[in-house]
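**Q** To start, I am sharing the structure in question, which I have written as structure tokens.
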Amino acid sequence: GSDNFALTAAPVYPPLEIADESNAEKFKNYLKIHQQGQTDYPTFCRHSAETGVEKWTLDFEKMTCTYFDKKGLEILVEQIPTV
């Protein structure tokens with residue numbers, strides 16, 4: 001945010017091993033089924049790690065969620081629904 005504002009929180013779940021190589025197509029499938037309510041949050045986190053997603057960030061000005069691999073490369077930029 002402005003003036004380098006950032007929000008962080010302490011870990012709530014146990015650490016996961018993140019794949020060194022990302023698999024964007026498999027991740028997109030996991031994301032789709034999660035958004036359809038077929039998985040819970042811990043399962044989505046495991047699937048993300050399995051497909052090489054290290055982290056994701058939210059931009060509430062642009063209303064996007066961006067998923068990154070361990071190299072810091074974007075795997076997916078998703079528009080956050082505003083309705």
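The values are calculated or read from the model by the stated rules, or taken from the named source; none is laboratory data. All figures in this text were calculated on a predicted structure; none of them were measured in a lab. Here Cβ is always computed from backbone atoms with ideal geometry, including for glycine, and neighbour counts include all displayed protein chains. Each accessible area value is taken on the protein alone, full model and side chains, heavy atoms only, with ligands, DNA and RNA left out. Shrake-Rupley method; radii C 1.70, N 1.55, O 1.52, S 1.80 Å.
**Q** Evaluate the charge dipole of the chain about its Cα centre and quote only its size in Debye, nearest 20, assuming +1 on the Cβ of each Lys and Arg and -1 on the Cβ of each Asp and Glu.
**A** Result for the chain is approximately 180 debye, rounded to the nearest 20.
**Q** Which label marks the calculated value of percent of Cα pairs over 20 Å apart, given the options [x] 37; [y] 42; [z] 51?
**A** Among [x] 37; [y] 42; [z] 51, the one derived from this structure is [x].
**Q** OK, next. Taking chymotrypsin sites (Phe, Trp or Tyr not before Pro) that fall in a DSSP loop and have at most 12 other Cβ atoms within 10 Å as cut points, what is the longest piece of the chain between them?
**A** On the way: sites that count: F5, F60.
That would be 6-59.
**Q** Also: Cross-link list K32/K62; K32/K71; K26/K55: which exceed 19 angstrom alpha carbon to alpha carbon? Before the final figure, lay out the partial values.
**A** Numbers: K32/K62 21 Å; K32/K71 23 Å; K26/K55 16 Å.
Listed pairs above 19 Å: K32/K62; K32/K71.
**Q** Sticking with this structure for a sec: Anyone know which of E61, E50, E25 comes out most mobile in the 10 Å Cα GNM of the chain?
**A** Highest fluctuation among the options: E61.
**Q** Relative to the longest principal Cα axis of the chain, at what angle does helix 41-50 sit, 0 to 90 degrees, rounded to 10?
**A** Roughly 70 degrees between the two axes.
**Q** Same structure again: What is the chain's relative contact order, in percent, from Cα pairs under 8 angstrom and six or more apart in sequence?
**A** Computed over the chain, the figure is 25 percent.
**Q** Per residue, what accessible area does the chain have, given a 1.4 Å probe and all protein chains present, in Å²? Numbers along the way, then the final one.
**A** Values: 6320 Å² over 83 residues.
Accessible area per residue, the chain: 76 Å².
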